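The values are calculated or read from the model by the stated rules, or taken from the named source; none is laboratory data. What you see is a predicted model, and the numbers here were worked out from it, not measured in a lab. Here the Cβ positions follow ideal geometry from the backbone for every residue, glycine too, while neighbour counts run over all protein chains shown.
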Ligand SMILES: [Ca+2]
């Protein structure tokens, strides 16, 4: 430090002498007592400068981690109905049902025969040998069948012919509808028969009767020869 101060003194000397020749005169005795001063203290720091300009954008960073799963969304609209599927296999048969109530059964039938030969013409033949007459729609006292159930009926008769010719008619309400004629042959035994379908209303009557008098009343029956009359309801009127 002392060395530096001496150096500065040597440099300053010529200038001092020059100034004395050209500048105002120094006060008397000034140069004789001049000595170099002690360097001052460093000044205070200045105020901070303004911010610099923004730098250029940096390089693009790496892709970040996936975010958290968001909440479940709302239910969407119903879609279009699909095409009908193929037909399934047949199911197992169900159990047998309980017996139902018995429906009303329309029954009307009779089957009767003669017990002996007929000798009275032009009146209903009275068949008194009863094979079947459950509903009693045939009346053995009159020889007439009385219709109780409207419908279609089937009637038939099989007559044993003996000793005389036979002419019989099937009557419906006093009108002969069906005629059967058989000529008797001597020393023989003949048969005559007929059948018909008739629609009957309730109250109609049907019977057999010999016609054209006593020369045609060869209707015969005994213990081993029968003459029969049969009728039954084929089906009732459903109206
Ligand atoms: Ca004959």
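Things worth noting here:
- Counted residues, the range 175-185 - those being surrounded by fewer than 16 Cβ atoms within 10 Å (Cβ to Cβ) and more than 11 Å from the ligand (Cβ to nearest atom): 4
- Residues that are surrounded by 15 or more Cβ atoms within 10 Å (Cβ to Cβ) and either over 23 Å from residue 129 (Cα atoms) or within 15 Å of the ligand (Cβ to nearest atom) (or both) within the range 145-165 comprise 149, 150, 151, 158, 159, 160, 161, 162, 164, 165, listed in sequence order.
- Any hit, the range 215-228, residues being more than 16 Å from the ligand (Cβ to nearest atom), touching a strand residue (DSSP E or B) at 6+ places or on another chain (Cβ under 9 Å) and in a strand (DSSP E or B): yes
- Check on residue 168, part of a strand (DSSP E or B), touching a residue at least 40 places away in the same chain (Cβ under 8 Å) and within 15 Å of the ligand (Cβ to nearest atom): yes
- Residue 195, sole failed condition from (1) within 15 Å of the ligand (Cβ to nearest atom); (2) modelled with pLDDT of 95 or more: (1)
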